[in-house]
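The values are calculated or read from the model by the stated rules, or taken from the named source; none is laboratory data. Computed from a predicted model, the values in this text were never measured in an experiment. For neighbour counting, all protein chains shown are included, and Cβ atoms are generated from backbone atoms with ideal geometry for every residue, glycine included.
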Amino acid sequence: MVKVDPEFKEELKKYGRSDFLSACFNCGVCTAVCPYAGESSNLPMKIIRYAQLGLKDKILQSTEPWLCYYCGECSASCPRGVEPGEVVMTIRRYLTSKYDWTGFSRRIYTSKIAEIISASLLAFVTAIVIWLLHGPIVTGRVQLETFAPAHIVDMGDMVIGIFLAVLLLSNLYRMYRFTVISRLGGKGIPLQRYIIELKHVIVQFLTQIRYSQCKIKRNWINHLVLMWGYTTVFILTVVFLRLYLTNEWYPITNPIRIAGYFSFIALAYGTVYAMIGRIKKDEPFRRYSHPTDWMFLWLLFLTAITGIMVHAFKYLNMPLATYVTFSIHLCIVVPLLALEVPFAKWAHLAYRPFAIYFDKLASSSI
Amino acid sequence: MTETLNYDVVVIGGGIAGMQASLDLADMGFTVLLVEKEPSIGGKMFLLSKTFPTLDCASCISTPKMAAVSHNPLITVWTYSEVDGIFREEDGEFRVKIIKKPRFVDEAKCTGCEQCEDACPIIVSSENNFNLIGRKAAYIPFETAVPKIALIDMDHCILCGACERVCPADAIDFLQKPKTVDVRAGAIILATGFRLFPAERKKEYHFGEYKNVITAMQAERLLSPTNPYNHVLRPLDGKEPMNVAYILCVGSRDRTIGNPLCSRICCMYSIKQAELLMGALPLVDVTIYYMDIRAFGKGFEEFYQQAKEMGVRFVRGRVASIDQLDNGDLVVNYTDVENGGVFKKETHDLVVLSVGIWPNPDVAKLFKDERLELDEHGWIKQTEENIRPNATNIPGVFTAGCATGPKDIPDSIVDATSAAAECADYLRRIRNKAVGVIPVEVR
């Protein structure tokens, strides 16, 4: 039994531009030009058809939307101007909100105001926490280690880390239930498959090799640089925090310093590139921007800029400016992590590699 | 040198619609000047093989019409002539400026013996055969041309004088110049027709680059009684095709090239060609890739079903791209929509692009004192589409045939007759002339 929801098209409109959907007459050009079609999926026509018919359950069971990297070939060749790539993008947003059990994701995707208020609120709370917990302010020279004692930052890291892990893992479990369990129909998967197929998650996360199947390789490289940028920052701030957040000046050849430079340049470059692209609408996948796309880019961009500024002020030996910028930096990082990773655009860092994993799992039993 | 002539109507375009409108108006007693820019009247219809869905011979229907037009005492035919401007006179009538292009052959002397054609050493692509074969620089457009007079293609002529030496009528005249003539007319009929979609614009089909990708108009020539190869052969290597693909809606219903309109004809002419191909090559396999089959007219659906029963394979799915193999065979990439929606590749030895039809928006530039309204797609706008379909926004200017949008042959003829009636009514009021020999009096 398949349930048809005639209201689905209206519901989808809140998640992005999908109003061209009804123009589709199923000619199949989108699938014939798609670099991902043919192997196991019939992207994007299958998804478009599900959306057109309002087959919500089928969409929830599909991993295909995550296997699309939105190169825009389909949108460029569609004779009806349906913008299949944009429809699949919209469905990715819809799925993000469905995997999230708290319902918060749906809120921020469907309401710009809710999104801005939550981001501001998180920034405000962070500011208060910094106000209450910051260490002694040394004005003679820059003493970031004293202003932000490592044990407190560690605690903050832990709180945010646990918060993110719980949400992301529980959402991934829901995704697993929707895309694997529901498709198995009671059949089991041998345990070793779970372990063997895990390699896809690691390979895909680190190389995003599937993205390279798109015709224009530049987008894959840019995305990879951006991803390596924030992964490096993540490792620096979580694993090497005590080495990273320090008053000491490392020589220019120090790996920590090099890694720091690399990551912030990568973040600043990647976000500026993406923002200019979204303003110019130069590629099909940047033509229609959802408010959450902009929020994500702005937060990431400001994170990079304030991070660079902290370093600059520290270099110029301006203690007060360093502390203030550092606080602002944290007030941006916290909403960026707490909003985007579990609830919004950044969740794709987990859903994309795991979609491949779940897809392999679901097909390995049948 | 300019001379001023007077006609009741100037009909622009000598295709099937222009010929029909001229004949109808002449039958009602009006004098007609038919202006055609090509060297012969006839338009595109007689280049076709057969008409759908009746499978009547297209040239057998159009050739008698061409003869009737040229022999009608009330119709003057100016071929190889172009309208340069249409002006509104103070008394409300039109002044039409026409350029008679030089043929470099004296029309009065030429007998159409074709000796110049045999003597000419220059070979260029033949427009009337859509580049499938060549023609000479001194040539007669085709066997049944009206008028059957030779002309010299000065763009390619090397002035060797071979034609002049063999011409028995002494008709070659290299000194001819374009002649501008002003004509007074009470009304204008625009029968400017359509142009075929330039298939090179769909880059993914590589028309022009892959020689075995041809347009449906080329396929019409291969299937017509005046087939340039005398047999159905594929252009690259002259092999007899055994597995032919048709791709429908090329240049129609496609926003990527800016035309959302249906051509109204490509479904049916492709089905017709598929049937004719099976007649010409009994062992051939024909596959038609379609989005929908729009068999809307009388007998169309039956024609479609008949093709299916004859063994034509219909595959639902728009072809995304074509690749060429080393032996000249072609691989089409498509999605098999009706069988699981999966991506497929299939090899054919000849691919026919069923091209759509596009407007001739340049017709609007002919009007110098008024502005002819076009619709959003570039066709002439029918300002009163539902009640006077042949009227334009300019009083006294009427349309016939495909000038206002895609039509098949019977519809174009009906439209032309309707235009003639509409025009006659207008002329009766403007020129106070009775229709035909029967005086009309309305009480």
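Would you call A:ILE252 modelled with pLDDT under 90 and in a loop (DSSP other than H, G, I, E, B)? Explain how you work it out, then say what you get.
Numbers: modelled with pLDDT under 90: yes; in a loop (DSSP other than H, G, I, E, B): yes.
So A:ILE252 passes the test.
Among the residues in segment A:24-41, are any more than 7 Å from chain B (Cβ to nearest Cβ), under 30 Å from A:ARG107 (Cα atoms) and at pLDDT 90 or above? Talk me through it step by step, then tell me what you get.
Of the residues in segment A:24-41, the ones more than 7 Å from chain B (Cβ to nearest Cβ) are A:24, A:30, A:34-36, A:39-41.
Subsequent filtering for residues that are under 30 Å from A:ARG107 (Cα atoms) retains A:24.
Of the ones still in play, those that are also at pLDDT 90 or above are A:24.
Within segment A:24-41, one or more residues are more than 7 Å from chain B (Cβ to nearest Cβ), under 30 Å from A:ARG107 (Cα atoms) and at pLDDT 90 or above.
Say whether the condition of being closer than 28 Å to B:GLY396 by Cα and touching a strand residue (DSSP E or B) at 6+ places or on another chain (Cβ under 7 Å) is met by at least one residue in segment B:51-67. Break it down into steps so the answer makes sense when it comes.
Taking segment B:51-67 as the starting set, the residues that turn out to be closer than 28 Å to B:GLY396 by Cα are B:62, B:65-67.
The next check asks that each one be touching a strand residue (DSSP E or B) at 6+ places or on another chain (Cβ under 7 Å); those that pass are none.
Scanning segment B:51-67, I find no residue that is closer than 28 Å to B:GLY396 by Cα and touching a strand residue (DSSP E or B) at 6+ places or on another chain (Cβ under 7 Å), so the answer is no.
Being touching a residue at least 24 places away in the same chain (Cβ under 8 Å) and either more than 23 Å from A:LYS58 (Cβ to Cβ) or in contact with a Leu (Cβ under 8 Å, 6 or more places away or on another chain) (or both) is the filter here; which residues of segment A:165-174 pass it? Even if it seems obvious, please write down each step before you answer.
Pass one, segment A:165-174, residues touching a residue at least 24 places away in the same chain (Cβ under 8 Å): A:167-168, A:170-172, A:174.
Passing the criteria: A:LEU167, A:LEU168, A:SER170.
Working only within segment B:307-340, note down all residues that are buried (at least 17 other Cβ atoms within 10 Å of the Cβ) and either among the polar types (S, T, N, Q) or not assigned by TED's automatic domain parsing to the domain that holds B:SER270 (or both). Please lay out each step first, then the result.
Taking segment B:307-340 and keeping what is buried (at least 17 other Cβ atoms within 10 Å of the Cβ), we get B:307, B:312, B:314-322, B:324, B:329-330, B:332-337.
Matches in segment B:307-340: B:SER321, B:GLN324, B:ASN333, B:THR335.
For A:ILE216, all conditions in the list (1) under 30 Å from A:LEU144 (Cα atoms); (2) touching a Cys at 6+ places or on another chain (Cβ under 7 Å) hold save one; what is the number of the exception?
(1)
Return a yes/no flag: does segment B:270-290 have any residue that is part of a helix (DSSP H, G or I), away from chain A (no Cβ under 14 Å) and under 30 Å from B:ALA187 (Cβ atoms).
Our first condition is that a residue be part of a helix (DSSP H, G or I); within segment B:270-290, this holds for B:270-280.
Still in the running and away from chain A (no Cβ under 14 Å): B:270-280.
Cutting the leftovers down to under 30 Å from B:ALA187 (Cβ atoms) gives us none.
Scanning segment B:270-290 turns up no residue that is part of a helix (DSSP H, G or I), away from chain A (no Cβ under 14 Å) and under 30 Å from B:ALA187 (Cβ atoms).
Limited to segment B:299-322, what total is found for residues that are without any contact (Cβ under 8 Å) to a residue 40 or more places away in the chain and more than 12 Å from chain A (Cβ to nearest Cβ)? Give the steps one after another, and end with the answer.
First, the residues of segment B:299-322 that are without any contact (Cβ under 8 Å) to a residue 40 or more places away in the chain: B:301, B:304-311, B:313-317.
Among the residues that remain, those that are also more than 12 Å from chain A (Cβ to nearest Cβ) are: B:301, B:304-311, B:313-314.
Total meeting the criteria: 11.
Can you say whether A:THR292 is surrounded by 18 or more Cβ atoms within 10 Å (Cβ to Cβ), in contact with an Asp or Glu (Cβ under 8 Å, 6 or more places away or on another chain) and in the same structural domain as A:ASN222 (by TED's automatic domain parsing), as far as the supplied structure shows?
Yes.
Please tell me if B:ILE380 is closer than 25 Å to B:GLY299 by Cα and at pLDDT 95 or above. Break it down into steps so the answer makes sense when it comes.
Values: closer than 25 Å to B:GLY299 by Cα: no; at pLDDT 95 or above: yes.
No: the conditions fail for B:ILE380.
Kindly establish whether B:ILE99 is out of contact with any helix residue (DSSP H, G or I) (no Cβ under 8 Å at 6 or more places or on another chain), outside any loop (DSSP other than H, G, I, E, B) and modelled with pLDDT of 95 or more. Walk me through it before giving the result.
Details: out of contact with any helix residue (DSSP H, G or I) (no Cβ under 8 Å at 6 or more places or on another chain): yes; outside any loop (DSSP other than H, G, I, E, B): yes; modelled with pLDDT of 95 or more: yes.
Spelling it out, B:ILE99 is indeed out of contact with any helix residue (DSSP H, G or I) (no Cβ under 8 Å at 6 or more places or on another chain), outside any loop (DSSP other than H, G, I, E, B) and modelled with pLDDT of 95 or more.
Against the definition (exposed (fewer than 15 other Cβ atoms within 10 Å of the Cβ) and modelled with pLDDT under 95), how does B:GLY258 come out, yes or no? Explain how you work it out, then say what you get.
Numbers: exposed (fewer than 15 other Cβ atoms within 10 Å of the Cβ): yes; modelled with pLDDT under 95: yes.
Criteria met by B:GLY258.
Out of the residues in segment A:209-226 meeting the condition of being of a type in the set (A, V, I, L, M, F, W, C) and assigned to a loop (DSSP other than H, G, I, E, B), tell me which one is nearest to A:LYS199 (Cα to Cα).
From segment A:209-226, those of a type in the set (A, V, I, L, M, F, W, C) are A:209, A:214, A:216, A:220-221, A:224-226; that's our starting set.
Pick out the ones that are also assigned to a loop (DSSP other than H, G, I, E, B) and you get A:214, A:216.
Values: A:CYS214: 22, A:ILE216: 26 Å.
The qualifying residue nearest to A:LYS199 (Cα to Cα) is A:CYS214.
If we only count strands (runs of 3 or more DSSP E) wholly inside segment B:329-407, which ones have 1 or more residues that are small (Gly, Ala, Ser)?
Correct list: B:350-355.
Any chance you could count how many residues in segment B:323-369 are away from chain A (no Cβ under 12 Å) and of a type in the set (Ser, Thr, Tyr)?
Looking only at that region, the number is 2.
Kindly indicate the residue of segment A:54-83 that is acidic (Asp, Glu) and part of a helix (DSSP H, G or I) and also nearest to the other protein chains (Cβ to nearest Cβ) among those meeting that condition. Walk me through it before giving the result.
First, the residues of segment A:54-83 that are acidic (Asp, Glu): A:57, A:64, A:73, A:83.
Going one step further and asking which of them are part of a helix (DSSP H, G or I), we end up with A:57, A:64, A:73.
On the way: A:ASP57: 18, A:GLU64: 12, A:GLU73: 9 Å.
That would be A:GLU73.
Report whether or not B:PHE94 is crowded, with 21+ Cβ neighbours inside 10 Å and under 21 Å from B:LEU427 (Cα atoms).
Considered against the rule, which asks whether it is crowded, with 21+ Cβ neighbours inside 10 Å and under 21 Å from B:LEU427 (Cα atoms), B:PHE94 comes out as yes.
Check segment A:303-314 and report whether any residue there is assigned to a loop (DSSP other than H, G, I, E, B) and free of Cβ contacts under 8 Å to residues at least 12 places away in the same chain.
Start the filter on segment A:303-314 by keeping residues that are assigned to a loop (DSSP other than H, G, I, E, B), which leaves none.
No, every residue in segment A:303-314 fails to be assigned to a loop (DSSP other than H, G, I, E, B) and free of Cβ contacts under 8 Å to residues at least 12 places away in the same chain.
Residue-wise test of (1) closer than 22 Å to B:PRO225 by Cα; (2) out of contact with any Ser or Thr (no Cβ under 7 Å at 6 or more places or on another chain).
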| position | (1), (2) |
| --- | --- |
| B:ALA58 | yes, no |
| B:MET66 | yes, yes |
| B:VAL69 | no, no |
| B:ILE86 | no, yes |
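Determine if segment B:174-182 includes at least one residue that is crowded, with 17+ Cβ neighbours inside 10 Å and either more than 29 Å from B:LEU366 (Cβ to Cβ) or small (Gly, Ala, Ser) (or both). Step through it out loud before you land on a result.
Step one: list which residues in segment B:174-182 are crowded, with 17+ Cβ neighbours inside 10 Å, which gives B:176, B:181.
If we keep only those that are either more than 29 Å from B:LEU366 (Cβ to Cβ) or small (Gly, Ala, Ser) (or both) as well, we get none.
Scanning segment B:174-182 turns up no residue that is crowded, with 17+ Cβ neighbours inside 10 Å and either more than 29 Å from B:LEU366 (Cβ to Cβ) or small (Gly, Ala, Ser) (or both).
Considering (1) surrounded by fewer than 21 Cβ atoms within 10 Å (Cβ to Cβ); (2) among the small types (Gly, Ala, Ser); (3) more than 9 Å from chain B (Cβ to nearest Cβ), say which one A:GLY16 fails and leave the rest.
(1)
Looking at (1) hydroxyl-bearing (Ser, Thr, Tyr); (2) closer than 28 Å to B:GLY356 by Cα; (3) crowded, with 24+ Cβ neighbours inside 10 Å, find the lone condition where A:SER77 falls short.
Evaluating A:SER77 over (1) hydroxyl-bearing (Ser, Thr, Tyr); (2) closer than 28 Å to B:GLY356 by Cα; (3) crowded, with 24+ Cβ neighbours inside 10 Å leaves (3) as the failure.
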